[in-house]
């Protein structure tokens, strides 16, 4: 019987080694159902204390474990809104409230709070008049609650404005109300008081610069879907078909007809 060659013996040996390696790799695989993780309430020799669960870092609160039933988070005390701030309304707080109010509230309520913002001017449902007598009677907690949960057609802004900033906005609304209904008795003693007309004249404006003004009426500006290009590829600027952003051509004035009777 002929003896196998050295090359055949080498190939057979390598095949056996490869099969053994494959079997070893298959036996050592890590399936998802067998994960190397720490299971709660089970001990482990990995840590010196023998506990698998790590103690909570001092001064931290886990998500969902914060006490959100206090006045700061709800604006309620025993189920009733209160007219007080959970922290002092400093100048920094009011400036922050003004910033957030201008960002999120002015589109509907306007900068002065009269409920005639630009969105309302464009046909959205009328917003609340924050400087009106009815809403001025509401406590600060009411404003916080409305911002947090919405009211009527107004959606909530809990996702956009943080809890602390909502209180800052509420404080600024109160400051805005006071500014629109301020009286001389509200000014601290010794303060130099000037009227708007006096200030405007000092700034170089004429005597008639300050005059009564009325709120604009709802405009007839068309929506983007209603606007269509006119002849020449330009767009109307005043909502009238064919305006094309040009001034109307001047028409020659008609000569005044004189009457044959009476010489007029």
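We did not get these values from a lab; they are worked out from the coordinates using the rules stated. Quick caveat, the model's predicted, so the values are computed rather than measured. Counting neighbours? That spans all protein chains shown, and the Cβs are built from the backbone with ideal geometry, glycine included.
Results, tabulated for the structure shown:
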| quantity | calculated |
| --- | --- |
| Potential lengthening between residue 54 and residue 125 on full extension [0.36 nm per residue; Cα-Cα distance subtracted] | 20.2 nm |
| Efficiency of FRET from Cβ geometry, residue 61 and residue 103, R₀ 30 Å, rounded to 0.05 | 0.60 |
| Sequence-separation-based contact order of the range 17-131, relative, with Cα cut under 8 Å and 6+ spacing, percent | 10 |
| FRET E, pair residue 205, residue 182, Förster distance 22 Å, beta-carbon r, rounded to 0.05 | 0.50 |
| Contour excess over end-to-end distance, with Cα ends at residue 193 and residue 74 and 0.36 nm allotted per residue | 38.9 nm |
| Convex hull volume per residue for the range 73-182, taking Cα atoms only, in Å³ | 99 |
| Point-to-point label distance, residue 42-residue 149, nm (Cα→Cβ direction, 7 Å offset) | 4.4 |
| Cβ crowding within 10 Å averaged over residues, with 121-127, 63-69 ranked highest first | 121-127, 63-69 |
